1. Find how much the distance from Ala61 to Arg14 grows on full extension, using 0.36 nm per residue of separation minus their present alpha carbon separation; answer in nm with one decimal.
2. I'd like the per residue volume of the convex hull spanned by the Cα atoms of the chain, given in cubic angstrom.
3. Val6 versus Gln27, label points 7 Å from Cα toward the beta carbon: distance in nm?
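Throughout, read-outs are computed from the coordinates displayed, never taken from laboratory work. All of these numbers come straight from a predicted model, not from anything done at the bench. Cβ atoms come from the backbone with ideal geometry, glycine included; neighbour counts cover every protein chain shown.
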Amino acid sequence: MAKVVVIGLAGDNRLWVADLDAGTVSQIATPTQGPLAAANDLRNNSGAMVHKGVNLAVVAASSGSVSGGFMDG
């Protein structure tokens with residue numbers, strides 16, 4: 001199974017790709033066509049949350065709060 005995740009945060013129209021095996025996160029260009037572009041348009045224009053193959057995603061204030069077991073409300 002591939003271990004690459006595309007991430008977009010609410011209030012930020014940028015997209016990021018995280019390669020979990022390589023331990024890297026990089027900003028990607030805004031897609032202009034295809035399913036990723038359609039999903040990105042949905043999240044930016046109507047606030048939709050789009051997920052596929054992810055069963056936990058949480059925004060945290062810092063990596064320290066994650067390692068301490070805290071999640072933002």
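1. Numbers: separation 47, 0.36 × 47 = 16.92 nm, distance 1.82 nm.
Result: 15.1 nm gained on full extension.
2. Values: hull volume 8.9 nm³, N = 73.
Enclosed volume per residue, from the Cα hull, is 123 Å³.
3. 1.8
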